[in-house]
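Structure record follows, encoded as structure tokens.
Quick note: the coordinates plus some simple rules give every number you see, no bench work behind them. Just so you know, these numbers come straight off a predicted model, no measurement behind them. FYI the Cβ positions are ideal-geometry reconstructions off the backbone, even for glycines, and counts take in every protein chain you see.
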Amino acid sequence: MALVRCDFFSEALGLNTSMQVILPQPTAPQIGLAGATTESDPPVLYLLHGLTDDETIWLRRTSIERYAAPLGLAVVMPRAERSFYADEVHGNRYWTFLSEELPQVCRSLFRLSEQREDTFVAGLSMGGYGAVKWALRRPERFAAAASLSGALNVAHRRDHPTRPVAADVWHTVWGDRQVPGSDDDTVGLLRTAGQDTPPLYVACGTEDFLYEDNLTFVEAARGKGVPVTVDFSPGDHDWAYWDAKISDVLAWLPLRTRVGG
């Protein structure tokens, strides 16, 4: 694998930002890591970080590079601050950046497949919410989407009795805007989910404070006939859980391209 730190200017944000990108590379002679490439432009996974982290965190806390190496899979990890991947009321246009500009920038800089069948999105916590929201709002873009410990019922967390979204974050992202029923409400988006909705993978630890939110989302998804693979097992909101589960997500992805060394 090749690891690229990419600092670039975002027109949507009006500032310089960064992403980490893992690119496939054949590395058969490398001890302990067998990298592979596809016969055509490689498939790509957009991998989103959580509320307190940045574009470096998946590489620092998990073995994502090692897991992706034999699959010939490119992994794009962008920076999104504490935005909930939304166009913030009192901040910046992170939804526009993520959903429109980032794929265009990546395709202009790197050799990546542009086919829906080769494009995936996943994330943890805030990033799990962002991944599912992106897949539900732009289903024509993705072959599959995965959430690990996702904030999948965030619209009802403003006044949650024990673990609400912090008031300063809510004010910056949504202000006084009504989130329930909006395009930022992932449970609400399921009401209009169509047959083109990509398969979803929802994992959450049973000791996680977001477990009930994930149960609510899964029940709503099943009620709408949305294809969802559910992985609820012992675990908390921590990196030991996410490191194990991102490996499971990669095994679940419907990769269609054949790899070679």
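Key figures for this structure:
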| read-out | value |
| --- | --- |
| Selected from Leu47, Asn16, Ser108, residue furthest toward positive end of dipole (region 2-253; charges at beta carbon) | Ser108 |
| Virtual spin-label span in nm between Ala34 and Phe232, 7 Å along Cα→Cβ | 3.8 nm |
| Label-point separation, His171 to Asp159 (7 Å along Cα→Cβ), nm | 1.9 nm |
| Distance histogram for region 2-253 (every C-alpha pair counted, 5 angstrom bins, percent rounded to whole numbers) | 1, 6, 14, 19, 20, 18, 12, 6, 2, 1, 0, 0 |
| Rg over Rh, two decimals, region 99-157 (C-alpha only, Kirkwood Rh) | 1.03 |
| Separation of the Thr52 and Ser108 label points, Cα + 7 Å toward Cβ, nm | 3.6 nm |
| Under 14 Å, Cβ to Cβ, from Asp196 - net charge with Lys/Arg +1 and Asp/Glu -1 | +3 |
| Theoretical gain in end-to-end length, Arg137 to Thr96 [0.36 nm per residue, Cα-Cα removed] | 13.5 nm |
| Extension gain, Glu117 back to Ser182 (0.36 nm per residue minus Cα-Cα distance, nm) | 20.6 nm |
| Cβ-defined net charge surrounding Ala135, 12 Å radius [Lys, Arg +1; Asp, Glu -1] | +3 |
| Mean ellipticity per residue at 222 nm, deg cm²/dmol - from DSSP H runs of n ≥ 4 across the chain, formula -39500 (n - 2.57) | -7000 deg cm²/dmol |
